[in-house]
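Reading through the structure tokens given below for one structure.
The values are calculated or read from the model by the stated rules, or taken from the named source; none is laboratory data. These figures come from a predicted structure and were not determined experimentally. Here the Cβ is made from the backbone with ideal geometry for all residues, glycine too, and neighbour counts use every protein chain on show. Side chains included, ligands, DNA and RNA excluded: accessible areas come from the protein's heavy atoms. Shrake-Rupley method; radii C 1.70, N 1.55, O 1.52, S 1.80 Å.
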2 protein chains.
Amino acid sequence: MLSSLRLPALTSLFSPSFARRSQLSLRQPLYLRPPLAAGFSSQSAASSPPETEDRVDIKKSSQFQDRANTDRVITPRSQDFNAWYLDVIANAELADYGPVRGTMVIRPYGYAIWEAIQDYLNVKFKETGHSNMYFPQFIPYSFIEKEASHVEGFSPELALVTIGGGKELEEKLVVRPTSETIVNHMFTQWIHSYRDLPLMINQWANVTRWEMRTKPFVRTLEFLWQEGHTAHATPEEAEKEALQMIDVYTKFAYEQAAIPVIAGRKSKVETFAGADKTYTIEAMMGDRKALQAGTSHNLGQNFSRAFGTQFTDENGQRQHVWQTSWAISTRFVGGIIMTHGDDAGLMLPPKIAPIQVVIVPIWKKVDEKTGVLNAASSVAEILRTVGLKVKLDDTDQRTPGWKFNFWEMKGVPLRIEIGPRDVSSASVVISRRDVPGKQGKVFGISMEPSILEAYVKDRLDEIQSSLLEKAITFRDSNIVDVSSYKELKEVISLGKWARGPWSASDAEELRVKEETGATIRCFPFEQPQGTKTCLMTGNPAKEVAIFAKSY
Amino acid sequence: MLSSLRLPALTSLFSPSFARRSQLSLRQPLYLRPPLAAGFSSQSAASSPPETEDRVDIKKSSQFQDRANTDRVITPRSQDFNAWYLDVIANAELADYGPVRGTMVIRPYGYAIWEAIQDYLNVKFKETGHSNMYFPQFIPYSFIEKEASHVEGFSPELALVTIGGGKELEEKLVVRPTSETIVNHMFTQWIHSYRDLPLMINQWANVTRWEMRTKPFVRTLEFLWQEGHTAHATPEEAEKEALQMIDVYTKFAYEQAAIPVIAGRKSKVETFAGADKTYTIEAMMGDRKALQAGTSHNLGQNFSRAFGTQFTDENGQRQHVWQTSWAISTRFVGGIIMTHGDDAGLMLPPKIAPIQVVIVPIWKKVDEKTGVLNAASSVAEILRTVGLKVKLDDTDQRTPGWKFNFWEMKGVPLRIEIGPRDVSSASVVISRRDVPGKQGKVFGISMEPSILEAYVKDRLDEIQSSLLEKAITFRDSNIVDVSSYKELKEVISLGKWARGPWSASDAEELRVKEETGATIRCFPFEQPQGTKTCLMTGNPAKEVAIFAKSY
């Protein structure tokens, strides 16, 4: 499951500047704690903003000195994408480092994005016939060894429980890195006849993989995910299911997260340890690296043979079941950050934003305050009534200007400003997060509920579409068709994705990886027409593949 | 957190019959797998019923021979409560044993009950100002040692990860048994001033405790729960929060689960390891044992002192925060089973039932089938439209009689029967799960949507109330006021709960436990009027305590 998190890290995930900062806070051997969240004081972001003592020290010798008068320091995206990413996570309070190396604490604002992902997918999984359930996370070590390629893929990164209740255990227990083995152990007991099929389940769970190079959300020692597991009577049904679920993920990515993923099939080299076929959705991040954002595996009979998962068919014959598994994880939150964010911070698609509209009341004189606050509350109420997620930032500890920047940094799609003049004219000012400055600001929108609601909803829809369109444009301008290995190398060296016909060997695929740092991300489902000639060998090719460097 | 799962097992949880059966399936030292689910074939219960080869063998010499012609065998509750409990879990497919001793697989029907619990509480937690987030499950061993009584309470039952990524770890990692330590480690970094308070969070997570005596749902090596953690500026606020959350649990138990819990304060002896005060809700199971169903702890400054969690108050003084934690776990599912179930199996309160209404179409002749099925589908649609959870059991592999028994066993509150004559008269037959036989069956309810909807909703409300009333009557008839230790012993020996004034020492409390098997479940919030004399010492007492044997 989730080869998404299993790709070798070909390029250093830590930029020099990050490594430097990390050293500053290496407290003790076991605990790596970069100062990602150092000095951040607030849970309730509005009431108490980030402070930056530590950060300012760190950045003293950098070009950020001139920004030392602001509260927040976010490295520009164009200057150091990785530093920008970590800064956004810290400033927007999405996550923090846990005490154990490579672990992550998901903070409320980051967790709320994960909840939005869960809420959507959970409904889709049920609509497509799956039931939620829960398997234990401790798996006998012997289970992992039963499927040959599975153990090879996972054994280097297992966490093992060897002591329980004060005693050394007879058999080591694996903290699940994925659940195919224990699922099959149970399926073998539950499945008897064709009438028990298809068996279609899902679980929301934590999983553990002892990764050496970690990065918040993208690759952590423990992460949250859902893992679907199904068993079918025929290979055709299993294939249909695997494709159905990658389609669910694709729709989610486009329609909810505004991420124009490319869906396709993995090469044999990149297929999940234990699967016949792996389908994937590949997303282009702001630095043009690929992020494998979700996978769906056709497991064939690999696990059912290893675990003896059989059924009696309609003719009374015993057969092994055909299976699938599929997963999306908290990694997807990283994908959202790295797709839409900009120099000002996070930018969230309205459909998954924990706060869709922030209201900032503005007053100077004391006698203006009540009127403004009343109007702001009433606007908040109007919008909440129609199901929108609204935050009224009415604290008087911060200036409106500070609040504007703060909520922009948090990626809130729309801001409503209400001042004394707006109260007089019964109107508000509305600003879009995705259109900076005056261009994104509209004055004089009536407070009349039906007008205001419709206006806000339309703008949110527009922002949702606009983010997707922008991401599509970016993606398409960074995928280049190539017809030779020389062209491929050039394109990759420019940081772009290369698309070209491929029918060469696994060895040649590995050579590309060694020489360019790029891997085959997928053979996309959408293929160009016409005859194709393998860019490497000159032999006929059935499909084009997409090559890119990846997370 | 959750001392609910920490009470010593005073009485054997395994009846002789269960122990006998367990031995039959002790496959190898590490894997205890009683034949709880042996021979059960179905995931989709309706399409493929439980089989009982193994069980029939086991029960050959019992009084159940005369029931060998039915598919299911559930030990009567009155005969062996524990065997009944395990039979219900197996037959209703709520859970199964995992491969590692003491672990549990929560199957879809059981998980759906947990989801109903989650759905309700998650909303209440947010309404009361808490945000969800997620902490890593691996905790450095040194953290556990920081709070003296906490380490004493938890160290005997820890699971330890000692190997990660193929290497022996420098410091052992604890798989969280509860998260106060790691929460405080992070709170210390996030909390700086009084403006950061209160900090109120919750997480839905799995936790691990190396229990020696396990029982599905009630006590398992790994279980699911929510754990709330809050930090406040004053002891009064923390106390208010701890009380508020036990109140949320109490309302949930009464209004959703129809369990008339008794809310109160734990004795010092029974207080959570690391808390100043523990509040609890205690439920009386069908065998009159107490189940600690949820707890809320006022942690005082115990963890904030151990972890240095301080804030600067409005006067610029540094102070340690005041904290709470509170939890409800999958144990609650066990409480629902053991409160409402009867000899026919599970009985679910409508508000947490995964299926509230099952529709069984009845036909004999082929030409009746279409009309009956159409009517059944249309009734299902009518009820789904108003938000009810409806299952249409239209398989033709089983007789209506079989289906009646099956869905009764699964605890579905209402059954609708539709036959050819009902189709002619445009009416249905409705049976209540909680009123057996003809008494609970009403004929001729119109299919007219507005009439049918109203009738079904009213009946569900009635069932909900009726289950609660029945449980209250049972509870109240099994709590006896006592005024001496002699009386207490008599009442406990009859299997009842004893209520009496108590102001004696911890040593005397422990003596009661040793001599009677009963513990102080709580000092209930609802206290009788008048002066009180300690039942043990004859000294004045402020409060009555409730004594009972417990799970």
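Below, the figures for the structure above:
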quantity	calculated
For A:Pro436, label point 7 Å along C-beta direction: distances to other copies, nm	7.5
Gain in span if fully extended, A:Glu236 to A:Glu255, counting 0.36 nm per residue against the direct Cα distance	4.0 nm
Assigned charges on the beta-carbon of Lys, Arg, Asp, Glu; chain A dipole about Cα centre (debye)	1120
Residue mean of other protein chain beta carbons inside 10 Å, A:105-113	5
Solvent-accessible heavy-atom area per residue, rounded to whole Å², over region B:482-549 at 1.4 Å	49
Solvent-accessible area per residue, Å², over region A:261-405 with all protein chains present [probe radius 1.4 Å]	34
Chains A and B, summed buried accessible surface - 1.4 Å probe, Å², nearest 100	5800
Sequence ranges B:314-325, B:478-489, ranked by mean other-Cβ count within 10 angstrom, highest first	B:314-325, B:478-489
Unit charges on C-beta of K, R, D, E only; dipole of the protein assembly as shown, Debye	660
At 7 Å out from Cα toward Cβ: B:Thr128 inter-copy label distances (nm, ascending)	3.7
Reach of B:Lys126 by Cα under 16 Å, taken over aspartates and glutamates that are not fewer than 8 positions away in the same chain	A:Glu115, A:Asp119, B:Glu227, B:Glu241, B:Asp247
Euclidean distance between Cα centres, region A:258-333 to region A:422-481, Å	38
Span from the region A:139-170 Cα centroid across to the region B:341-409 one, whole angstrom	44
Residues whose placed amide H lies under 5 Å from that of A:Phe272, excluding near-sequence neighbours	A:Thr278
Shielding by partners - mean other protein chain Cβ count within 10 Å, residues of A:118-131	1
Accessible-area composition of the protein assembly as shown, carbon plus sulfur, in percent [1.4 Å probe]	50
Using θ = phi - 60° and Karplus 6.51 cos²θ - 1.76 cosθ + 1.60, couplings along region B:492-502 (whole Hz; Gly, Pro as x)	5, 5, 7, x, 9, 9, 10, 10, x, x, 9
Helix-derived mean residue ellipticity, 222 nm - over chain B, DSSP H n ≥ 4, -39500 (n - 2.57), to 500	-10500 deg cm²/dmol
Segment A:Thr128-A:Leu510, extension gain: residue separation times 0.36 nm, minus the distance between their alpha carbons	133.8 nm
DSSP-assigned coil residues among trypsin sites (Lys or Arg not before Pro) in region A:223-293, each with at most 14 further Cβ atoms within 10 Å	A:Lys268
Rounded to 5, percent antiparallel among DSSP beta bridges of region B:357-459	50
Peptide A:163-174 - average C-beta neighbours from other chains (10 Å radius)	5
Gyration tensor (alpha-carbon) shape descriptor, region B:294-367, a/c threshold 1.5	prolate
Using a 7 Å Cα-to-Cβ projection, B:Lys542 label spacings across copies, nm, ascending	8.0
Residues in region A:214-249 that, when all protein chains are in place, have 40 Å² or more less accessible area than the chain alone would give (probe 1.4 Å)	A:Glu222
Built amide H within the under 5 Å cut-off of A:Arg101, gap 5+	A:Leu32
Part-to-part distance (alpha-carbon centres) for region B:204-252 and region B:82-130, which is given in Å	16
Backbone HN-Hα couplings from phi across region B:542-549 [Karplus 6.51/-1.76/1.60, Hz, Gly and Pro as x]	7, 9, 8, 10, 10, 10, 6, 6
Lysine pairs within region B:357-459, Cα separation less than 16 Å, 8 or more sequence positions apart or different chains	8
Gyration tensor (Cα) of the protein assembly as shown, equivalent ellipsoid semi-axes in angstrom	47, 39, 31
For chain A, alpha-carbon Rg and Dmax in angstrom	25.5, 85
Cα-based shape type of region B:357-459, given that a ≥ b ≥ c are square roots of the gyration tensor eigenvalues and the cut on a/c is 1.5	rounded
Farthest toward positive dipole pole in the protein assembly as shown [+1 Lys/Arg, -1 Asp/Glu at C-beta], among B:Pro420, A:Pro400, A:Gln323	A:Gln323
Among B:Ala242, B:Ala275, B:Met212 the positive-end extreme of the charge dipole of region B:211-281 (Cβ point charges)	B:Met212
